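Below you'll find the structure, written out as structure tokens, and then a few comments.
Values in this text are rule-based calculations from the coordinates and carry no lab data. Everything numeric in this text was worked out from a predicted model, so none of it was measured. Heads up, the Cβs are rebuilt from the backbone with ideal geometry, glycines too, and the neighbour counts pull from every protein chain shown.
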Amino acid sequence: MEEKTLFQKIADGEIPSKIIYRDELCFAIYDINPQAPKHILLVPLKPIKRLSEATAPEDAEILAHMMITVPKIARQEGLTDGFRVVINNGLIAGETVPHMHIHILGGRPMHWPPG
Ligand code: 5GP
């Protein structure tokens with residue numbers, strides 16, 4: 001059996017982190033190193049390594065569900081003015097945890113292009 005990912009350990013309570021949202025497919029936590037006043041990570045319970053390794057049709061329901069859940073969490077967190085959604089896929093994009101997750105950032109103006 002593959003070793004648990006960091007986020008699986010958090011989901012299982014083996015690494016402490018406040019779970020701010022949880023359902024049957026995904027959960028959300030605050031990022032430990034926030035890049036905005038609100039920086040949330042939405043993580044699938046299934047340890048899909050990265051977006052480019054998600055497969056159809058198996059993972060389609062999970063990914064669609066997560067996208068629909070993003071605005072729900074943004075509302076819950078008071079991000080009424082807007083928010084940014086980021087997925088870092090691969091080292092060159094800044095991926096550091098190989099368990100796919102969606103960053104939800106808000107609470108300050110965002111710039112474009114991103115760094
Ligand atoms: P990535 O760089 O893979 O797109 O995103 C991984 C994110 O996980 C980073 O923003 C990093 O700050 C966050 N992170 C790393 N370790 C922990 C942890 O133990 N707890 C929490 N809450 N976030 C973490």
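Relative to the longest principal axis of the Cα atoms of the chain, helix 60-76 runs at roughly 40 degrees.
Exposure proxy shown here: for HIS101, HIS39, HIS111, the number of other Cβ atoms within 10 Å sets the order, fewest to most, as HIS111, HIS39, HIS101. Extending 7 Å from the Cα toward the beta-carbon at both GLU3 and VAL86 defines two label points whose distance is 2.7 nm. Rounded to the nearest 20, the size of the Cβ-charge dipole of the chain about its Cα centre is 440 debye, with Lys and Arg at +1 and Asp and Glu at -1.
The 3J(HN,Hα) values that the Karplus relation (6.51, -1.76, 1.60; θ = phi - 60°) gives for the stretch 96-101 are, in residue order, 10, 10, x, 9, 3, 7 Hz. Gly and Pro appear as x. When the inverse distances between all different Cα atoms of the chain are averaged and flipped, the Kirkwood radius reads 14.7 angstrom.
Among the GluC sites (Glu not before Pro) in the stretch 1-92, those placed in a DSSP loop whose Cβ has at most 12 other Cβ atoms within 10 Å are GLU2, GLU3, GLU14, GLU24, GLU58. Amide H contacts of ILE20: ALA28, ILE29, TYR30, each under 5 Å away and 5 or more positions distant or on a separate chain (H built 1.01 Å from N in the peptide plane; Pro and chain starts excluded). Residue order for THR96, THR5, fewest other beta carbons within 10 angstrom first, comes to THR96, THR5.
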